[in-house]
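The values are calculated or read from the model by the stated rules, or taken from the named source; none is laboratory data. Just so we're clear, the structure is a prediction, and the values are computed from it rather than from any experiment. Here the Cβ is made from the backbone with ideal geometry for all residues, glycine too, and neighbour counts use every protein chain on show.
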Amino acid sequence: MKRAIVTGAARGIGLATTKLFLRDGWRVVMVDRDAPELEKVAAGLEGVLPIICDVSQPDQIAAMVAEVIEKEGRIDALVNNAGVADFGPIDETDFKRWRTVMETNLDGIFLCSQEVAPHLKETSGAIVNIASISGLRASTLRVAYGTSKAGVMHLTRQQAAEWGEWGIRANCVCPGPVRTKLAMAVHSQEIIEAYHDAIPLNRYGSEDEIGEVIVFLCSDKASFVSGQIIAVDGGFESTGIGLPALRR
Ligand SMILES: NC(=O)c1ccc[n+]([C@@H]2O[C@H](COP(=O)([O-])OP(=O)(O)OC[C@H]3O[C@@H](n4cnc5c(N)ncnc54)[C@H](O)[C@@H]3O)[C@@H](O)[C@H]2O)c1
């Protein structure tokens, strides 16, 4: 049976992805630093191993991966989904706020992937890194978040380039807006309406719509897909000159 590690699995996109892996017959290691939430949701699921771990902390990651190998014996996929959002102007983003975003969103993916890669080499496994449309296009208030996500995209290409010879595939998913706790903390009603206007499908996505693409990229169905950046965003990224003045 295949085993996936999903970081940030206690809620939102990570939890939805966990359930889709279980539906497809995988076992899932659910990683999160929110211990009460992780224990609560994992208790209601069959086929999971919950591990409390902060993905920005190298010692915790090493212990997490050692526990996975001891208890599960193999790793077939790593979904680097844990992320934090912080929107603010550049002049108000002090170094502490910048580092808080970078240490989870970018350092966490670098560190987890490095620790897991030798085990993925054994299984010809897959990595899926979660970036964002905020990394595909610059916008106001996202100097740390957007830059961290642009870094995630390039890190994915580096991983695909170097670890391809180990048989490891690495891909990146860029979600558009989804009504999770992360998004709702930073999206006002005005931002929600503006997003609807900028997205050709005219709505937010669901956690499952993102998770389905993640699970596909980890599966054998995507066995020749590597180094790709895939937006799951209702058409947002493709409409760079979607000027309101040019509409019917
Ligand atoms: N929701 C959106 O609109 C949206 C859009 C684009 C990208 N994303 C990305 O999708 C991913 C998931 O976001 P979500 O909306 O489901 O968020 P969420 O806040 O609902 O869930 C994120 C989970 O990650 C965990 N987490 C955060 N930092 C961690 C750390 N250092 N170590 C371990 N666990 C940690 C949190 O405890 C939480 O359970 C993130 O990378 C986010 O940037 C989300």
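At-a-glance table
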{"quantity": "Filtered residues of segment 71-101 (kept if in contact with a strand residue (DSSP E or B) (Cβ under 6 Å, 6 or more places away or on another chain) and in a strand (DSSP E or B))", "calculated": "Ala77, Leu78, Val79, Asn80"}
{"quantity": "First in segment 135-151 and farther than 16 Å from Asp91 by Cβ, second anywhere and basic (Lys, Arg) and crowded, with 21+ Cβ neighbours inside 10 Å, Cβ under 6 Å, 6 or more apart", "calculated": "Gly135/Lys149"}
{"quantity": "Residue that is farthest from the ligand (Cβ to nearest atom) [pool: residues in segment 167-222 that are assigned to a helix (DSSP H, G or I), among the β-branched types (Val, Ile, Thr) and in contact with a strand residue (DSSP E or B) (Cβ under 9 Å, 6 or more places away or on another chain)]", "calculated": "Val215"}
{"quantity": "Cβ-Cβ under 8 Å pairs, at least 6 apart or on other chains, segment 168-185 side under 16 Å from Ser113 (Cα atoms), far side within 6 Å of the ligand (Cβ to nearest atom) and not acidic (Asp, Glu)", "calculated": "Cys172/Ile130; Val173/Ile130"}
{"quantity": "Residue count for segment 186-205, restricted to those that are surrounded by fewer than 16 Cβ atoms within 10 Å (Cβ to Cβ), over 23 Å from Val101 (Cα atoms) and in contact (Cβ under 8 Å) with a residue 40 or more places away in the chain", "calculated": "2"}
{"quantity": "Criterion: out of contact with any Cys (no Cβ under 8 Å at 6 or more places or on another chain) and either charged (D, E, K, R) or buried (at least 23 other Cβ atoms within 10 Å of the Cβ) (or both) - qualifying residue of Gly83, Gly167", "calculated": "Gly83"}
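Residues checked against (1) under 30 Å from Ala138 (Cα atoms); (2) surrounded by fewer than 16 Cβ atoms within 10 Å (Cβ to Cβ):
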| residue | (1), (2) |
| --- | --- |
| Ala43 | no, yes |
| Gln57 | yes, no |
| Ile61 | no, no |
| Glu70 | no, yes |
| Phe87 | yes, no |
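Residue-by-condition table, conditions (1) modelled with pLDDT of 95 or more; (2) over 17 Å from Ala4 (Cβ atoms); (3) more than 10 Å from the ligand (Cβ to nearest atom); (4) not in a helix (DSSP H, G or I):
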| site | (1), (2), (3), (4) |
| --- | --- |
| Val31 | yes, no, no, yes |
| Leu45 | yes, no, yes, yes |
| Leu49 | yes, no, yes, yes |
| Gln60 | yes, yes, no, no |
| Ile69 | yes, no, yes, no |
| Asp107 | yes, yes, no, no |
